[in-house]
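Structure, as structure tokens:
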Amino acid sequence: TTTTTTTIDWVLGSYGGSCTDACLQAGGMCNVDPMSLIDTFAEVEFVAGILGTSCYASSDDVNSSMPGKYFGVCFAIKGPSMSLCDASLQSIARFCCCGANCPNNGV
């Protein structure tokens, strides 16, 4: 019997940290494309659930440090902005894609 394990590559960064740093600590490499697709409240809440955190509210922001979380508020990226691996904000814990498997629920 062969068992296949699928790894989810979303990582919750530390407050004020970049996704580059969070992914290095997790043994992965930042993949900015899936992060830039998190542009709806449903998607950011879906990723928060994967990361084991929750949102009491959701919003969006044009800052390249999104998606992420400011305490209980989760932020999607607001187009036409793009997420950047090296971006950081002191008050934001980033939602970081650190590999190839970063589902967003396609919402």
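Odds and ends about this structure:
- Filtered residues of the range 54-77 (kept if charged (D, E, K, R) and either closer than 15 Å to ASP33 by Cβ or at pLDDT 90 or above (or both)): LYS69
- Which numbered condition SER59 fails, given (1) surrounded by 19 or more Cβ atoms within 10 Å (Cβ to Cβ); (2) in a strand (DSSP E or B): (1)
- Near pairs, Cβ below 7 angstrom, 6+ apart or cross-chain, from the range 76-89 (touching a residue at least 40 places away in the same chain (Cβ under 8 Å) and under 20 Å from GLU45 (Cβ atoms)) to any residue that is in a strand (DSSP E or B) and open to solvent by less than 60 Å² (accessible area, probe 1.4 Å): ILE77/ASP60; SER83/ILE77
- Whichever residue in the range 38-51 is under 12 Å from the mean Cα position of the chain (by Cα) and part of a loop (DSSP other than H, G, I, E, B) and, among such residues, is surrounded by the most Cβ atoms within 10 Å (Cβ to Cβ): ILE38
The values are calculated or read from the model by the stated rules, or taken from the named source; none is laboratory data. These numbers come from a predicted model, not from an experiment. Cβ atoms come from the backbone with ideal geometry, glycine included; neighbour counts cover every protein chain shown. Only protein heavy atoms, including side chains, enter the accessible area calculation; ligands, DNA and RNA are left aside. Shrake-Rupley method; radii C 1.70, N 1.55, O 1.52, S 1.80 Å.
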